[in-house]
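Coordinate-derived values only; no laboratory data. Just so it is clear, the structure is predicted and the values come from calculations on it, not from any experiment. Heads up, the Cβs are rebuilt from the backbone with ideal geometry, glycines too, and the neighbour counts pull from every protein chain shown.
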Amino acid sequence: MPMQQLNRLMKGKNNDLTETIAQALNEIKRELGDKFDLEHVNLAELERRTGISRAKLRRLKEHDFIDTPHGLTGRKAKTTVLTGFTGMLDSLLSKGVTNSSVCYDRLTASGYTGGLTVVKEYIAAHRDLVPAKRQLVAPQGNRGRRYQTAPGEAYQMDWGFVEVENENGVKYKIACFAMICHSCGKRYIEFFPNARQENLFIGMIHAFMYLGIPDTVLTDNMKSVVIRRDSEGHPVWQKDYELFMGNIGFNTKLCKPRHPFTKGAVERLIRFVKDNFLAARVFTELTDLNYEANDWCSRQNAAYHRAVDCIPDDKHAALCMQSAYKLEDTIELAYYLCPERKISFDGFVNYEGRRFGVPYWYTEKTCRVKRDGYTLYIYDSHMNRQLTTHDVTWSRRDSFCKEQYAFDQPEERPSEPVRIKIQQIDPPKFKSGFERFNFEEGLWNG
C-alpha cells in the first residue's frame with residue numbers, strides 16, 4: 001500500500017510542491033531500496049532535501065504528501081481594507097488617473113490604511129473604467145539629441161495652463177509657472193490667475209529664491225520676453241524684461257519654435273505636474289493650491305529621480321549652488337514683487353480679479369499691491385509707506401478698508417444759477433377714525 005501511494009504521488013504531480021516532495025521521496029527510495037517505507041519516512045531528512053518545514057510535511061503526510069487546495073480557496077471577504085474607497089478609485093480611473101502612487105496618496109488623505117499593492121491590484125482589475133487614449137502617430141523626422149549643462153549653468157522655464165470648474169459649473173483657466181534646474185532636476189512651480197508679465201516676474205523671483213540665480217534661463221518666444229528678431233536674427237527684448245534681466249543679473253536664451261527638445265525638461269515637468277499633482281485635485285482657493293504645490297515640490301526634490309540619477313536637493317546644494325548665487329533683497333526686487341495699480345474713483349484697486357479698498361487720505365492716483373499668503377498689502381507708489389492690509393478671502397465681493405471714505409462727506413455745490421422754483425405746502429391735518437361715526441346720537445333722548 002505505501003508503494004502504491006508513492007506511485008500515485010509520482011503520477012499526480014498536481015502542483016510544484018507535490019512534485020518537489022515526490023522527487024525527494026524517489027531519491028530516498030533509491031538510496032534505501034527495500035528498507036524504504038513511506039509510512040515511516042524520516043521527515044527531518046525530507047525537510048533537508050525539500051526545504052519544507054516538518055510541521056507542514058506532517059500535515060501533508062496525512063493526505064499522502066499531496067498538496068490539496070485550502071477549503072476556503074476562492075472565497076472572498078465581504079469587507080476588505082479597500083471597502084468604502086472603491087468609489088473614489090472608480091472616479092479617479094474614469095478621469096484617466098491610472099498612476100497608483102497618485103491614487104494611493106488621494107486614498108491615504110481620505111483615511112485609507114491599506115498598502116499600495118492592494119491599490120495596484122484594483123487598478124489592474126478595473127482597466128475598463130479608464131477612457132480610451134487617442135491613437136498615437138508614428139514619429140517622423142530625425143531623433144532629438146540630448147545635451148548637458150554644467151551645474152547651476154542653466155534653468156528652464158515655461159507656462160502651463162489648466163482648466164478649473166467651480167461649484168456653479170463656470171469654467172476658467174489658471175496659469176502654472178514652472179522652472180527647473182537642467183543639471184539636477186530640482187523644480188519649482190507656482191500658480192497664478194493669468195500669465196501676465198508681472199506674474200512672470202513674481203514667479204521668476206520666487207523661483208530664484210528657491211533655486212538660486214543661474215547664468216542662463218532657457219525659455220520660448222513668449223511676448224512678455226521678446227518682441228521680435230532683427231535682420232540678423234538677434235532677439236529684440238521686451239524693454240521691461242530686458243531691465244529685469246539687468247537688475248537680477250542673468251542671461252536668457254530663446255529656444256527654437258516648435259522644437260521642445262531644447263527645453264524638454266520643463267516641458268516634461270509641466271506634463272508631470274498635470275498627470276501627478278493636478279490629477280483629480282480639488283482646492284478651495286489659489287493660495288491653498290500654491291501651499292500644496294510647495295509641499296509637493298519639496299517631496300519631489302527630496303526623492304531619487306532616475307532621469308537625473310540623483311536626489312535633486314542633494315546635488316543642487318552640493319554642486320549647482322557653487323555656480324548659482326543667492327538672490328539679494330533690493331529695492332528693485334520690491335518693485336517687481338509689488339506691481340503698480342491705478343486707484344478707481346470710488347477708492348478701489350483691482351488685483352487678481354478682485355477689488356480692494358484704499359484709504360481716502362491717500363491722494364495719489366496709483367499705489368503698489370503685494371499678496372503674501374492670505375494677506376494683501378497696499379503701499380504708496382514709492383514703497384515708502386504701507387497704506388493698509390486686507391485678508392484675502394477670494395470672494396468676488398469688494399473688500400473695504402478702514403478710512404476708505406471720510407466721515408463728513410463734502411457737499412456738492414451747484415455750478416450754475418438756480419432758476420427753477422417749486423412750492424411746498426403743509427401736509428393735510430390728520431383725522432381720527434372716530435370722526436366717521438356719531439357715537440352720541442340718540443343716547444340722551446327721553
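Annotations
- Taking the charge dipole of the chain about its Cα centre, with +1 at Lys and Arg Cβ atoms and -1 at Asp and Glu Cβ atoms, the residue from 353, 33, 213 reaching farthest to the positive side is 33.
- Residue 54 versus residue 68: modelled label distance in nm, points set 7 Å from Cα along the beta carbon direction: 2.5 nm
- Dipole magnitude (debye, nearest 20) for the chain, charges at Cβ of Lys, Arg, Asp, Glu: 1780 debye
- Cross-link partners of residue 365 among aspartates and glutamates (Cα-Cα below 16 Å; sequence separation of 8 or more within a chain): 340, 346, 380
- Of 331, 425, 311, the one that fluctuates the most in a GNM where the chain has Cα springs shorter than 10 Å: 425
- Links that overshoot a 23 Å alpha carbon limit, given the list 223/256; 95/263; 256/315; 173/223: 95/263; 256/315
- Going through [x] 140, 113, 42; [y] 68, 63, 43; [z] 69, 67, 42, the figure that equals Cα extents along the principal axes in Å as computed for the structure here is [x].
- Rounded to the nearest 20, the Cβ-based charge dipole of the stretch 241-328 about its Cα centre (Lys and Arg +1, Asp and Glu -1) stands at 540 debye.
- Reported to the nearest whole Å, the Cα centre-to-centre distance from the stretch 279-300 to the stretch 25-71 is 60.
- On full extension, the segment bounded by residue 121 and residue 42 gains 24.3 nm, given 0.36 nm per residue less the C-alpha separation.
- Rounded to 5, the percent of DSSP beta bridges in the chain classed as antiparallel: 85 percent
- Helices in the chain, meaning DSSP H runs of at least 4 residues, each add -39500 (n - 2.57). Divided by all residues, the mean residue ellipticity at 222 nm is -9000 deg cm²/dmol.
- Spatially proximal lysines relative to residue 29 (Cα-Cα < 23 Å; intrachain offsets below 8 disregarded): 11, 13, 56, 61
- Candidates 183, 94, 53: whichever shows maximal mean-square fluctuation once the chain is modelled as a Gaussian network with Cα springs under 10 Å: 53
- With Cα atoms, 0 to 90° folded angle of helix 100-109 axis to the chain main axis: 60 degrees
- Degrees between helix 116-125 axis and first principal axis of the chain (Cα, 0 to 90, nearest 10): 90 degrees
- Contour excess over end-to-end distance, with Cα ends at residue 221 and residue 129 and 0.36 nm allotted per residue: 29.1 nm
- Under the simplified labelling scheme, the residue 405-residue 150 pair shows an inter-label distance of 6.3 nm, with each label point 7 Å from Cα along Cα→Cβ.
- Of the residues 283, 149, 330, the one whose Cα sits farthest toward the positive end of the charge dipole of the chain, with +1 on the Cβ of Lys and Arg and -1 on the Cβ of Asp and Glu, is 149.
- Cα centre as origin, Lys/Arg/Asp/Glu Cβ charges: the stretch 154-323 dipole, Debye: 560 debye
- The stretch 153-175-the stretch 198-242 distance, computed between alpha-carbon centres (Å): 20 Å
- Placing unit charges on the Cβ atoms of the charged side chains and taking the dipole of the chain about its Cα centre, the candidate lying farthest along the positive direction among 194, 304, 366 is 304.
- Highest-fluctuation residue, 175, 77, 44 considered, GNM on the chain with Cα pairs under 10 Å: 44
- On Cα atoms only, tilt of 239-248 relative to the major axis of the chain in degrees: 60 degrees
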